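Read-outs: derived from the displayed coordinates by stated rules, not from any lab. What you are looking at is a predicted structure, and each value in this text was computed from that prediction instead of being measured. Because the Cβ atoms are built from the backbone with ideal geometry, glycine has one as well, and the counts that use them run over all protein chains shown.
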Amino acid sequence: MAALKGKTKKSIFVVSALIVPIVHFIIFWVAVNFNSLLLGFQRLNFDTGKNYFTFANFKDIPALFGRYGDLRIALYNTLLTWVFLAVFLLPWAFFLTYFLYKRIRLSSFWRTMLFIPSILPAVAMTSIFMYFIMPDAPVGKVIGAINGGRVPAFINDVQYARWTVIFYIFLTNFGGQFILFSGAMVRVPKEVVESAYLDGAGVRTEMLRIILPLCWPTISMLFILNLATLFTASGPVLLLTGGLSETSTIAFWIFNSTRSNSLYMPAAVGVMLTLILFPVVMLARWGLEKIYSNVEF
């Protein structure tokens, strides 16, 4: 009887711990996404005030990606940002983490500096960044001194705004990747590294022939996550530019469209992009698994 009571208490504890996240998942993920799927195939009948089933939303999508469509620039910015994150930032984060893993001079200081942007609230971080690039701020004064007193409008000028947002992402996106890479590198058996040193392996060989293959599951995971969130991650666009100066992304466009109570087209765009992205993610996952076999240690 006592054992039964103990099992009952344990079951109550487990249910109590899981009930909140499960309900949260059902309401804010399952229900929301199911409703978005339905909205993509609906439009409002202004005479009756009710929604009706239609494919008209999907027929109007190509015009949004046309020469004068709102989504043409948003798609370009989205793809450009993703290429930057996957092709440049991800390898750079791995490279930096490796040298911090090797405990170079002032490694603790650099760890702190790389992780601080992830700790600070996004509003505070963007405010600090915008202050530094203002004409009368330190960075602005340095650029003005070099450029004959002319300081570009990094946020408002179309020529610079897009690259300013990408540069901000570069400065602030190391934290999460740094933690994951650090955890993967710390788990690498010391015996493997020491054996490589005895065989005459240098730093370059260790990084590319030992650490890289052993950390490949982490690299693959980060790459797939970046790809899977391609159309849902808007970055700091809202806080830095508000989508102005041709800095809008797909995610920001969907968010901004819902603010005007126009839910049908954003939902249809979301459904279409999901159908396009899903096979791409599956293909990328299959290809990454072919490069290095999964390693367990």
### Task
Mind listing whichever residues of the stretch 95-132 are closer than 19 Å to Leu180 by Cα, touching a helix residue (DSSP H, G or I) at 6+ places or on another chain (Cβ under 9 Å) and aromatic (Phe, Trp, Tyr)?
Phe95, Tyr98, Phe99, Tyr101, Trp110, Phe115
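Residues are listed down the side, and each one gets a yes or a no for (1) in a helix (DSSP H, G or I); (2) aromatic (Phe, Trp, Tyr); (3) without any contact (Cβ under 8 Å) to a residue 60 or more places away in the chain:
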position: Trp110; (1), (2), (3): yes, yes, yes
position: Tyr160; (1), (2), (3): yes, yes, yes
position: Thr164; (1), (2), (3): yes, no, no
position: Leu180; (1), (2), (3): yes, no, yes
position: Pro213; (1), (2), (3): yes, no, no
### Query
Has the stretch 133-143 got any residue that is touching a helix residue (DSSP H, G or I) at 6+ places or on another chain (Cβ under 9 Å), in contact (Cβ under 8 Å) with a residue 24 or more places away in the chain and closer than 19 Å to Ile179 by Cβ?
no
### Query
Between a first residue in the stretch 239-267 that is closer than 21 Å to Ile128 by Cβ and a second residue that is surrounded by fewer than 20 Cβ atoms within 10 Å (Cβ to Cβ) and among the acidic types (Asp, Glu), which pairs have beta carbons less than 9 Å apart while being 6 or more apart in sequence or on different chains?
Ser245/Asp157
### Query
Looking at (1) surrounded by 14 or more Cβ atoms within 10 Å (Cβ to Cβ); (2) closer than 28 Å to Asn156 by Cβ, which is the only condition Trp216 fails?
(2)
### Message
Cβ-Cβ under 7 Å, sequence separation 6+ or interchain: first residue in the stretch 270-282 and surrounded by 14 or more Cβ atoms within 10 Å (Cβ to Cβ), partner part of a helix (DSSP H, G or I) and β-branched (Val, Ile, Thr). Which pairs?
### Response
Gly270/Ile254; Met272/Ile61; Leu273/Ile250; Val281/Ile224
## Note on the structure
All conditions in (1) touching a residue at least 12 places away in the same chain (Cβ under 8 Å); (2) surrounded by fewer than 20 Cβ atoms within 10 Å (Cβ to Cβ); (3) within 16 Å of the chain's Cα centre (by Cα) are true of Leu225 except (1)
